[in-house]
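Readers should treat all values here as calculations from the given coordinates under stated rules, not as data from a laboratory. Just so you know, these numbers come straight off a predicted model, no measurement behind them. Here the Cβ is made from the backbone with ideal geometry for all residues, glycine too, and neighbour counts use every protein chain on show.
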Amino acid sequence: MSDQNSSNDDRGQAYTLEGFVSAMVVLMAVLFALQSVVITPTSGGLSDRSVQAQLQQEAQDALVVSDQEGNLTLSNTIRNWDATDDSGDKEQFYKASVPGPDGNLTYNTTEFKSQSKLGNILKQRFADNGYSYNVELIYETESNDFDTTYLVYQGAPSPDAVTASYVVTLYETDKLTATKSITLQKAHDNPKYDYPIPETTTTGPVYNVVEVRVIVW
Amino acid sequence: MVTPNSRRDRGQVILIGAITLAFILLGIVVVFNGVLYTETISESSTSQSTADAEVVGQNLEQSLVEIARQGNENGNWTSSNTFEDAVMNSGEFNDQYQNVAANSRSAFVNVSNVTAEYGHFTTEKGKIYTGNSKIQHLVLDLDTGSGGTLNVVANSTDDNSTSVSIVSDGSSFNVNSCDINENDARFNIVNGTIDNSSAVGCDSDDLQSNLSIINTSKSYNDIHLSGDLDTYEAITVTSGDSPDVSYGVWKLGANITYQSNQVSYKRRMSTILIDGDSE
């Protein structure tokens, strides 16, 4: 009888432990499921914070490097405005062909590559690897608002897009770098050329301060 | 009959114990993984901000130097303090830069305590009257253009004159049979150097002895520039007052501040010599 009782005691202990283990299995499953909600987006795509930081750093470096490059600096790219007016209708960046959201023509990635160092780097690193990007110029207007002109427009960015920006100072003596070498002031004032960036400072050699923003997604 | 039954139960307990241990280890791994992940996130965003602050600082320095240089060429600086005003007060450069920077990132960028030193700036040939004072700094920024010669004669107050001729063949320069393979070069005729030392095709000591025609311990009446070289700029700094009213900024410094919710950064930018190296 006592042996029988002892055997029953062991069995009770085993049931108790089985109960604990079952609870642990269920808890682990729940914990794992919760964890995987966080883990899933990090396992590859853009949402991974370290990948995003990496992309942002690369876009930032592309801007810095392209501002150091001889005749294709960022300032020259901003001033690459077609003032010949030979098309008879739209004023645009030199050899741009894609309609942008503000009515002006913008570059596609291949055109932008042939026109600037920045375009070259962005195409090699981002466009050729399946990323999309916009390149925007943001500047102050005469009424102290901000206005945006697009160099490259590939649609509205997705929520996980990353942004890098670089500020370029334009000077009063700077001239358009495309077909007609006239000062920015003339190009802005003459409605035939309609250069979008106005002069906003009253004194000194500065014309305007422009932010070049690259958005990658 | 009893003994085997009891053994079987013991085996079940051991098995369950082993499974429990395995799950505990698995739990530790999951928790540890979570800790590592959190750390990665917090680190990456801070280091990004630091890089951003550095880029903004560098960009501002570059803009200030370019403003000074453009102002020199356009004759914008009509008296001392006009450069400082253009950057910080009436010229609104600082305000505008602040606005544009704040529009692009959650950060405050500011330039303050701008200091500039002025010398005589010219793009004309002829005499630069130095008013019997000592010359600290004289830099010629030359472009080879379509070729030609620039003769520089320094007439000291003790009636001695020293001279150097810089000859351009349209693609490179030559100073007393020393070739300088550069289209656009800055010649410092006080210490006898040029800005890009790798373009010098002879021994740098030879170039220095030919080019360095001004003795900083002597006083000079004037510097005479002549010849048929088209494009050049000269900036002269004397120990006395500026030789005449053609002001040019030759040295500048400023405090640069960058503040965001992650990085707070303030530094004095190194003093930069316009048309020369930093000090």
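Near the amide H of A:T106, under 5 Å away, which other amide H atoms are found, from residues 5 or more places off or on another chain, if H is placed in the peptide plane?
Here A:S97, A:V98, A:G100 satisfy the definition.
With only Lys, Arg, Asp and Glu charged, each at its Cβ (+1 for the first two, -1 for the last two), find how big the charge dipole of the range A:49-216 is about the Cα centre; round to the nearest 20 debye. Write down the numbers at each step before the final one.
Numbers: 13 positive and 24 negative charges, 114 e Å.
Using only the charged Cβ atoms, the result is roughly 540 debye.
Points 7 angstrom from Cα along the Cβ direction at A:Q13 and B:E66: gap in nanometres?
8.2
Quote the FRET efficiency, to the nearest 0.05, computed for A:V98 versus B:T216 with a Förster distance R0 of 45 Å and r equal to the Cβ-Cβ distance. Spell out each step's value before the answer.
Working: r = 60 Å, r/R0 = 1.33.
Between A:V98 and B:T216 the formula returns 0.15.
Please find the FRET efficiency linking A:E199 to B:N33, where r is the Cβ-Cβ separation and R0 is fixed at 56 Å, and quote it to the nearest 0.05. Numbers along the way, then the final one.
Numbers: r = 56 Å, r/R0 = 1.00.
For R0 = 56 Å, the calculated efficiency reads 0.50.
Once R0 is set to 56 Å, what does the formula 1/(1 + (r/R0)^6) return for the Cβ-Cβ distance between B:N132 and A:K186, expressed as a FRET efficiency to the nearest 0.05? Please report the intermediate quantities before stating the final value.
Working: r = 46 Å, r/R0 = 0.82.
E(calc), rounded to 0.05, equals 0.75.
Which of the GluC sites (Glu not before Pro) found in the range A:123-217 are in a DSSP loop and have at most 13 neighbouring Cβ atoms, other than their own, within 10 Å?
On the way: sites: A:E136, A:E140, A:E142, A:E172, A:E199, A:E211; in loops: A:E142, A:E172, A:E199.
Answer in residue order: A:E142.
From other protein chains only, count the Cβ atoms within 10 Å of every residue's Cβ in B:92-104, then give the mean. All intermediate terms of the calculation are to be shown ahead of the outcome.
Details: counts 8, 7, 0, 4, 10, 4, 1, 6, 12, 4, 0, 8, 10.
Taking the mean over all residues of the peptide, I get 6.
Are any of the pairs A:K186/B:K251; B:K134/B:K251; A:K113/A:K186; A:K175/B:K125; B:K127/B:K218; A:K117/A:K186 more than 22 Å apart by Cα-Cα distance, and if so, which? Intermediate values should be presented prior to the final figure.
Values: A:K186/B:K251 32 Å; B:K134/B:K251 18 Å; A:K113/A:K186 28 Å; A:K175/B:K125 27 Å; B:K127/B:K218 18 Å; A:K117/A:K186 26 Å.
Distance filter (> 22 Å) returns A:K186/B:K251; A:K113/A:K186; A:K175/B:K125; A:K117/A:K186.
Taking amide H atoms as placed 1.01 Å from N in the peptide plane, list the residues 5 or more away in sequence, or in a different chain, whose amide H sits under 5 Å from that of B:Q136.
Correct list: B:V237, B:T238, B:S239.
Modelling each spin label as a point 7 Å along the Cα-to-Cβ direction, I'd like the A:S22/B:N151 distance in nm, to one decimal.
In this crude label model, A:S22 to B:N151 measures out at 11.0 nm.
Using label points projected 7 Å from each Cα along Cα→Cβ, tell me how many nm separate A:A29 and B:L26, to one decimal.
Modelled inter-label distance: 1.1 nm.
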